[in-house]
Amino acid sequence: MNTTSNYSSVICYLIRMYFKKSLKKNLAKRSKPYLSLVDISEINATLLLISDLMELILFVWLLFGIFSAVLSIFIITLLSVHTFFKYSFYRVVIVDLILNLMCWINTWPHRLTFRPEGEIFILPVFVHTPIVLKVSNFLVSFFFHVQSLSTIIICAHRLTTSIFSSALKFWNKWFLVLYFVVLGLSSLGSNLITVRPMYFDYELKKFISLPLSQGESEKNRVVLFTFIVFYFIIIVVISVVTFLQVRKKLSDQNDAHKKLLRRLTQISVVHSAVYSITLAWQITSFSVSYYLTVDILMTVSDLINFLMTYIMVIFDQNLRQAIKTSIFVRKTNEYRIRVGATLHNECSINLNI
């Protein structure tokens, strides 16, 4: 789903509608249709507003994306090295966070291609190494499958560990193998999608995305719809069964273990629920005009990519404690270094005296 490939089309559509409206007004008021200085100033103001909105969207993407990416890397590091996080569930979360971070990185060629910055950043890549953009286009569909299957794995982990006592050993040993299977299945699913070709118009100085044939477009539509419905049903069913199974098991556990089970279940179920809502929205978007949804598609993509990051911060008390401890220890060490340097300087001055 190359979401940003239609930004230029949307802008052209808005400008064309504005011109039609202006011309209709002129025809109604004047015998000859022409644009006055007032009309031209209104058009310029509209174009300036569109440009400002595009710059604002890019600024929001950069601000939210960079902050979330840094936070994700920090959490991945904590989960990997801190003694709090030895449970197999956190191993699965680490892989999910890494894949989501890679997905976010892959969205940037598509964000910039059909923007004014595309000529500066994307054209050299398109001319000299076009395979990079082809791979990036393939990865758009690939990461859709990866994120969906990873959501299923996270919830399946909670379900199996709440039912089988030997499930923890299984996940500790085989979770990486399962993710390699996910990568393989995602590659197979991505090959079913036909990517729209594009070229660079040197006169207009922008990339042009060519439409697919009616048969290819319909095939893409059917394939995506089928996968979305399939993932949605699987995620919802597993989430509901997991919630019911864990709630039943909580009554037999002590308080400490009960808190752990409740916390991990909240993370998996909330993550699955939000992702299911996103899939449901994508289902409804098939019946809605693309012009009504294109402005929020990439923003939704960012929310999906960093969904687990913020869910972990909100629901995992151990993670919040580890973050506070890391920040406090770092500040304490910096303070000790400053104090030590100050004392060293003072001793040096006294010795010189």
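The values are calculated or read from the model by the stated rules, or taken from the named source; none is laboratory data. What you see is a predicted model; the values in this text were computed from it and never measured. Cβ sites come from the backbone with ideal geometry, for glycine too, and all protein chains shown count toward neighbours. What goes into the accessible areas is simple: the full protein's heavy atoms, side chains included, and nothing from ligands, DNA or RNA. Shrake-Rupley method; radii C 1.70, N 1.55, O 1.52, S 1.80 Å.
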Exercise. Could you count how many residues in region 178-199 are β-branched (Val, Ile, Thr) and modelled with pLDDT under 95?
Worked result: 3
For this session: Can you work out which of the residues in region 116-146 that are polar (S, T, N, Q) and open to solvent by less than 20 Å² (accessible area, probe 1.4 Å) is farthest from Thr242 (Cα to Cα)?
Result: Ser136
Seminar exercise, completed: Note: among Thr107, Thr77, just one is open to solvent by less than 60 Å² (accessible area, probe 1.4 Å), of a type in the set (Ser, Thr, Tyr) and in a helix (DSSP H, G or I), namely Thr107
Problem set entry | Condition met for Ser251 (closer than 18 Å to Ile163 by Cα, open to solvent by 10 Å² or more (accessible area, probe 1.4 Å) and modelled with pLDDT under 80) | yes
Seminar exercise, completed: Those residues of region 200-232 which are of a type in the set (Val, Ile, Thr) and either modelled with pLDDT of 90 or more or more than 30 Å from His157 (Cα to Cα) (or both) amount to Ile208, Val222, Val223, Thr226
Exercise. Across region 147-196, which residue is surrounded by the fewest Cβ atoms within 10 Å (Cβ to Cβ) among those that are small (Gly, Ala, Ser) and assigned to a loop (DSSP other than H, G, I, E, B)?
Worked result: Ser165
For this session: Only residues in region 153-165 that are within 22 Å of Ser186 (Cβ to Cβ) and free of Cβ contacts under 8 Å to residues at least 24 places away in the same chain count as the first member; pair them with residues that are part of a helix (DSSP H, G or I) and not charged (D, E, K, R), Cβ under 8 angstrom, at least 6 apart or cross-chain, and list the lot.
Result: Thr160/Ala167; Thr160/Phe170; Thr160/Trp171
Problem set entry | Cβ pairs under 6 Å, 6+ apart, first in region 197-218 and farther than 15 Å from Ile122 by Cβ and open to solvent by 90 Å² or more (accessible area, probe 1.4 Å), second of a type in the set (Lys, Arg) and not in a loop (DSSP other than H, G, I, E, B) | none
